[in-house]
1. Check Phe42 against each of (1) open to solvent by less than 20 Å² (accessible area, probe 1.4 Å); (2) in contact with a Cys (Cβ under 8 Å, 6 or more places away or on another chain) and name the one condition it does not meet.
2. Take the conditions in contact (Cβ under 8 Å) with a residue 12 or more places away in the chain, of a type in the set (A, V, I, L, M, F, W, C) and touching a Lys or Arg at 6+ places or on another chain (Cβ under 8 Å) and apply them to Leu16. Does it pass?
3. Please go through the stretch 167-187 and give me each residue that is outside any helix (DSSP H, G or I) and within 12 Å of the ligand (Cβ to nearest atom), ordered by number.
4. Can you name every residue in the stretch 89-105 that is in a loop (DSSP other than H, G, I, E, B) and surrounded by fewer than 18 Cβ atoms within 10 Å (Cβ to Cβ)?
5. If you check Ser210 against the conditions, is it outside the structural domain of Gly63 (by TED's automatic domain parsing) and away from the ligand (no atom under 16 Å from the Cβ)?
6. Filter the stretch 139-160 down to the residues that are charged (D, E, K, R) and open to solvent by 80 Å² or more (accessible area, probe 1.4 Å), then identify the one that is farthest from the ligand (Cβ to nearest atom).
7. Could you tell me whether the stretch 35-47 includes any residue that is part of a helix (DSSP H, G or I) and among the small types (Gly, Ala, Ser)?
Amino acid sequence: MEIHPQHIRTDSLKNLYQPFGVAVDVLRLDLLHPVVSGNKWFKLKDYVEEAKGLNKKTILTFGGAYSNHIIATAAACKAEGFASIGIIRGEEPPILSHTLKAALTYGMQLHFVSRSDYAQKRIPPALTEREDDIYIIEKGGFGLKGRIGAESILQYCESLLYTHIIASVGTGTTLAGLITSAADKAKVTGISALKNNHSLEAAVNSLLPSTLQNLFSINHNFHFGGYAKYTPELLEFMNSWYQKTGIPSDFVYTAKLFFAVDNLVKANYFESGSKLLVIHSGGLQGNNSLPPGTLIF
Ligand SMILES: *Cc1c(COP(=O)(O)O)cnc(C)c1O
């Protein structure tokens, strides 16, 4: 699959943050592919390679009704010649979300499971007899291969220029890949999209070699009420940030990331002279679940 990430250093970003003595660049992974946008392709690619090597024909994974991971897996499987199965959390709704409809168009077979079955990662009985043929990817692509895939994100920019690399955190897999690929050259900070999930640090550490463990930080102050929750202030920020920078964001992950960066820079959290690389991890399709007209992009 061909991807085209773009590294963006714009005058608008420069003008916005120069008064605080800080440079902010955004690595636009949202532009790399119209569907498999953002960090998801990076996290998936090594799993897909392994599935090929094992001669599996089907890839199965887990997600919610608005999951970027589900739609990315569906599209990647279609592009790479795999059948795909999505185990979806919760009852089948009368009207499918935009995300699930799109996953269906990529040929993904959807199985709705109860929240407790989902939590236990139980494979529906109808599928167990085919288990030999099925390659399973964890929810959100969490795991070592996901981290290794995410290590190639920084190849798309001059990462050595930066003092700080900042990214949104869901499972922490992407952050782990950024930490190993940045090694000790930049300080890596995650902005959690979850509320008070203080097991994230341990999850990230579990994907890191011992020499790199705890050499990162996760900020838990910008969740806006919790995972996929939002406030009028966040939506307003998304529109004004787009107006100022031309960069669209999604309300689940990247809006909270950019809001955090904007706030921290303005609070002089970063030393003067700091050079920030902010990873736009994509996910814009999630905005389809907002009421029409909410966003100006
Ligand atoms: C999935 C996702 C994340 C979180 O990535 P993790 O590797 O799970 O931490 C961040 N941003 C966007 C847009 C995502 O879709």
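The values are calculated or read from the model by the stated rules, or taken from the named source; none is laboratory data. Everything numeric here is computed off the predicted structure, so don't read it as measured data. Heads up, the Cβs are rebuilt from the backbone with ideal geometry, glycines too, and the neighbour counts pull from every protein chain shown. Just the protein is used for accessible areas: all its heavy atoms, side chains included, with ligands, DNA and RNA removed. Shrake-Rupley method; radii C 1.70, N 1.55, O 1.52, S 1.80 Å.
1. Of everything listed in (1) open to solvent by less than 20 Å² (accessible area, probe 1.4 Å); (2) in contact with a Cys (Cβ under 8 Å, 6 or more places away or on another chain), Phe42 misses just condition (2).
2. For Leu16, the condition - in contact (Cβ under 8 Å) with a residue 12 or more places away in the chain, of a type in the set (A, V, I, L, M, F, W, C) and touching a Lys or Arg at 6+ places or on another chain (Cβ under 8 Å) - is met.
3. Start the filter on the stretch 167-187 by keeping residues that are outside any helix (DSSP H, G or I), which leaves 167-172, 183-187.
Ala167, Ser168, Val169, Gly170, Thr171, Gly172, listed by residue number.
4. Of the residues in the stretch 89-105, the ones in a loop (DSSP other than H, G, I, E, B) are 90-97.
Residues satisfying the conditions are Gly90, Glu91, Glu92, Pro93, Pro94, Ile95, Leu96.
5. Yes, satisfied.
6. So in the stretch 139-160, the residues charged (D, E, K, R) come out as 139, 145, 147, 151, 158.
When the remaining residues are screened for being open to solvent by 80 Å² or more (accessible area, probe 1.4 Å), the result is 139, 158.
Details: Lys139: 9, Glu158: 22 Å.
The residue in question is Glu158.
7. The first filter runs over the stretch 35-47 and keeps only residues part of a helix (DSSP H, G or I), leaving 39-47.
Among the residues that remain, those that are also among the small types (Gly, Ala, Ser) are: none.
No, the stretch 35-47 contains no residue that is part of a helix (DSSP H, G or I) and among the small types (Gly, Ala, Ser).
Rundown of residues vs (1) closer than 22 Å to His280 by Cβ; (2) open to solvent by less than 10 Å² (accessible area, probe 1.4 Å); (3) away from the ligand (no atom under 15 Å from the Cβ), yes/no style:
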site	(1), (2), (3)
His33	yes, no, no
Ser37	yes, no, no
Ala51	no, yes, yes
Ile59	no, yes, yes
Ala65	no, no, no
Ile70	yes, yes, no
Ala76	yes, yes, no
Ile87	no, yes, yes
